Amino acid sequence: MARARKSHETAARSRPRHFAAWREQHGWGLVASLHRLGGRPLGTLMTVTVMGFALALPLTFGLLLVNLQRLGGALGQTQTISVFLNTNLHADAAQSLAGKVKSRPEVSAVVVRTPRQGMTELATMQGFGKALDALDSNPLPFVLVVTPSSDAQAAQVGTLLTWLRDRPGVAQVQDDGAWRQRLDALLSVATRAVMLLAALLSLAALLVVGNSVRLDIQSRADEISVLRLIGASPAFVRRPYLYAGVWYGLAGGLVAVLLALLLEALLNGPVARLAASYDGRLHFVGLPLWQLALVPLLAAVLGWLGARIVSARQLRRALT
């Protein structure tokens, strides 16, 4: 019993010493990694720059993708269908057809636009004023602007379009939401492409760090042999290279963030002019701060992983 108590007390006293030794070793590895990176500034700068550009590309495409989605929203989120009636139809017939369309369950709203309203809109457009003044009569028809309900499925909207085209007095049916569907499909493809690009470029960044660590280990083969002869453990030898991978990742992530912020600043002016042409409905948005803050952290993890994979392999070779 006394022996067990003594063993427990010895273990309790040794824990602070073990922690102090562990902290000292990690501190040495951290400082040693900074000294090694500072000892070859050109190589370090090239590695960080390449990694930063690799990580900035998916950020750039993500920024453009977010603003393209907002552009689609600014141009119109809801799908509308324009039903052009025959020019010989009068207001009563247009109102009667509008009532039938409104009674359908997949329709949310119907607005009747008169020929006078259409002529007024054309007159406000640049270049149409003088041409409209030369007309003896109004050639425009009544138009029904049909808004499908928000929960209407694509098949229901297709059935509605077919039904509208078959109505007597209907000259043409234009689906104003078709462009939105095509834009959504293109944005879906672009989102998947950005995700794949981010994965490939993250792998490229990992390989860049791994190659830099590999060259560093090869150039320090004699130093590693001396450390092993004096009793250094493999973990102790590998630790500075792992910290170097973390520094590479952090620096590369910061470069990527700075490049993304620079792109935002360069795009602010042209987007402001574009927004003015859409009556201020379009606003350029940058990447959220939490996402920008996450980039250096994820890059540091990538750098650590690349350094760990390569250092484990290279040190195994150097120590055998």
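The values are calculated or read from the model by the stated rules, or taken from the named source; none is laboratory data. Every value quoted in this text rests on a predicted model; they were computed, and no experiment measured them. Quick reminder, even Gly has a Cβ in these numbers, built from the backbone with ideal geometry, and neighbours come from all protein chains shown.
Values for this structure:
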{"item": "Hits in the stretch 91-112 (condition: in contact (Cβ under 8 Å) with a residue 24 or more places away in the chain and not in a helix (DSSP H, G or I))", "result": "104, 105, 106, 107, 108, 109, 110, 111, 112"}
{"item": "Residue in the stretch 235-248 that is in contact (Cβ under 8 Å) with a residue 40 or more places away in the chain, in contact with a His (Cβ under 8 Å, 6 or more places away or on another chain) and of a type in the set (Lys, Arg) present", "result": "yes"}
{"item": "Total residues in the stretch 210-243, condition part of a helix (DSSP H, G or I), over 38 Å from the mean Cα position of the chain (by Cα) and basic (Lys, Arg)", "result": "1"}
{"item": "Criterion violated by residue 83 - all others in (1) assigned to a helix (DSSP H, G or I); (2) within 46 Å of the chain's Cα centre (by Cα); (3) of a type outside the set (S, T, N, Q); (4) at pLDDT 70 or above satisfied", "result": "(1)"}
{"item": "Residues that are modelled with pLDDT under 85, under 19 Å from residue 94 (Cβ atoms) and surrounded by 15 or more Cβ atoms within 10 Å (Cβ to Cβ), drawn from the stretch 162-177", "result": "176"}
{"item": "Residue 192 touching a residue at least 60 places away in the same chain (Cβ under 8 Å), in the same structural domain as residue 302 (by TED's automatic domain parsing), out of contact with any Phe, Trp or Tyr (no Cβ under 7 Å at 6 or more places or on another chain) and in a helix (DSSP H, G or I)", "result": "no"}
{"item": "Given (1) more than 30 Å from residue 67 (Cβ to Cβ); (2) small (Gly, Ala, Ser); (3) touching a residue at least 40 places away in the same chain (Cβ under 8 Å); (4) outside any strand (DSSP E or B), index of the condition residue 198 fails", "result": "(1)"}
{"item": "Condition check for residue 114: outside the structural domain of residue 196 (by TED's automatic domain parsing) and either touching a Gly at 6+ places or on another chain (Cβ under 9 Å) or modelled with pLDDT under 85 (or both)", "result": "yes"}
{"item": "Some residue of the stretch 278-294 being at pLDDT 90 or above, surrounded by 13 or more Cβ atoms within 10 Å (Cβ to Cβ) and either in a helix (DSSP H, G or I) or more than 23 Å from the chain's Cα centre (by Cα) (or both)", "result": "yes"}
{"item": "Checklist (1) assigned to a helix (DSSP H, G or I); (2) in the same structural domain as residue 315 (by TED's automatic domain parsing) applied to residue 162, failing item", "result": "(2)"}
